[in-house]
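The values are calculated or read from the model by the stated rules, or taken from the named source; none is laboratory data. Here the structure is a predicted model, which is why all the values come from computation and not from measurement. Positions of Cβ are backbone-derived with ideal geometry, glycine not excepted, and every protein chain shown enters the neighbour counts. Quick note on the areas: whole protein, heavy atoms, side chains included, nothing else; ligands and nucleic acids left out. Shrake-Rupley method; radii C 1.70, N 1.55, O 1.52, S 1.80 Å.
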Amino acid sequence: MQLVSRITGVEKVFAPAVLDSRHGSVRPLAAEDLERVAALFLTRFRRRRRHLLDRAIVETAEYMRKIYLDPGGQPGTSNALVQINRQGDLGGFLGVLNARYELDGATLSAAIIGPLMADTGTDHGSAGPQLLRAVHQHGFDLHLTDSANRVSLAFARPMKYQLLPAHCLGWTRIFRPAAVVSAALRGKWPGLSRFVFDPCAKAFDPFTRKRFEPPVQHSSPHRVHRASMDAGQFAEQLPTLVSDYSLRPRWQDGELSRLIALAVEKRADGPLHFRGTYDEAGKMLGCYAFYGQVGGIANLLQIQSSGSHWGVTLDALMADAWTMGCAGVIGQTQSRFMPQLFSYKNVFFRYAGGTMVRSRIPEVTEAVRSGDIFIGGLMGDRWTRLSSDDFGR
């Protein structure tokens, strides 16, 4: 792939080099690495019973092939990286997804950094920094992540990443408190939750309805209605709603539609639903996409609104999740709708993952510093199955 940065005026061709050191070498991910990387991923981020491990490795490896080696069905050199230690074994992995941004009419190449992991049996703390230094040498205009854990955060901060504190938080709006507990336990002990906690939740939650049910009134004096849309309509509308960000995605040639199609494959929290909010004249005020099913916790993938309509768009999301029978809603915060979130009762905040951006372009740095960047959701990696799905079952 060849992209030109019009801000820097330098043509950049991304062909990752092999980096050698006394700790090992870093090179692009190749097809023959996939099963070893998948096994490392499952060891680091999933618990798997031995009889399910082989099937999980195969499924995880095939999914990694799809998103890292064959994005958009166009095989090519991967920007995901592996670290090979001096003994020739896999020492670490860094998932990298390609993206484009634009700023003041200039096209910028972006690396979306996903899983960063090392084999603790062979690594002595060098793989993580080595992989990050390697991706910084690929010529991208900006590097970003919205899911860094605290270990990755410690590696990245000294490398001049800018932290976006508001985006590092996750929020939870509770509708049915006992059902939220049951849904959380279901992931760890599916059978126990179903036969023990679910009946208790159904008995307890009706007594809390008045306290936790979302209000029916909207935050706007105008008549607002919400309606379902399909993935194609969502892909058509979202770019318009993000146009008021100075630093925003530049999706081309059906790229956003392909990205959404991959996001639909994620299944840990139920099907992906697309909705829009409209005024009485039919003008779109906002849109959102969330994973949800009856009895589960709705997981917000993306929400976007124009101007002052964040309140009605959030209200619509809450109403849809409640009507669907969800126990609550979880999502990633954004600085633009924090004031509206504060107006809801029974909303709780937690650290959910580091959101950071790195760039040597002053205009990009300033846009990030001022919060004038669209980041997270589809411009992150939480939409991938690697973020939550239970492979091999």
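For region 258-266, state whether one or more residues are under 24 Å from S343 (Cα atoms) and either modelled with pLDDT under 95 or open to solvent by less than 10 Å² (accessible area, probe 1.4 Å) (or both). There is no residue in region 258-266 that is under 24 Å from S343 (Cα atoms) and either modelled with pLDDT under 95 or open to solvent by less than 10 Å² (accessible area, probe 1.4 Å) (or both).
From the list D244, D253, the one residue that fits, being at positive phi and surrounded by fewer than 17 Cβ atoms within 10 Å (Cβ to Cβ), is D253. All of V329, V357 fail the test of being outside any helix (DSSP H, G or I), among the aliphatic types (A, V, I, L, M) and under 22 Å from L256 (Cα atoms), apart from V357. Here region 319-342 is the region considered, the condition is being among the aliphatic types (A, V, I, L, M) and surrounded by 20 or more Cβ atoms within 10 Å (Cβ to Cβ), and the residue that is nearest to D372 (Cα to Cα) is I330. The set of residues in region 154-165 that are hydrophobic (A, V, I, L, M, F, W, C) and open to solvent by 30 Å² or more (accessible area, probe 1.4 Å) comprises A154, F155, M159, L163. Considering only residues that are modelled with pLDDT under 90 and either more than 21 Å from E363 (Cβ to Cβ) or open to solvent by less than 10 Å² (accessible area, probe 1.4 Å) (or both), which ones fall in region 119-146? Selection gives D119, T120, G121, T122, D123, H124, G125, S126, A127, G128, P129. Given R350, R382, which one is in a strand (DSSP E or B), open to solvent by 20 Å² or more (accessible area, probe 1.4 Å), in contact with a strand residue (DSSP E or B) (Cβ under 7 Å, 6 or more places away or on another chain) and in contact (Cβ under 8 Å) with a residue 24 or more places away in the chain? None of the other options fit; the residue is R350.
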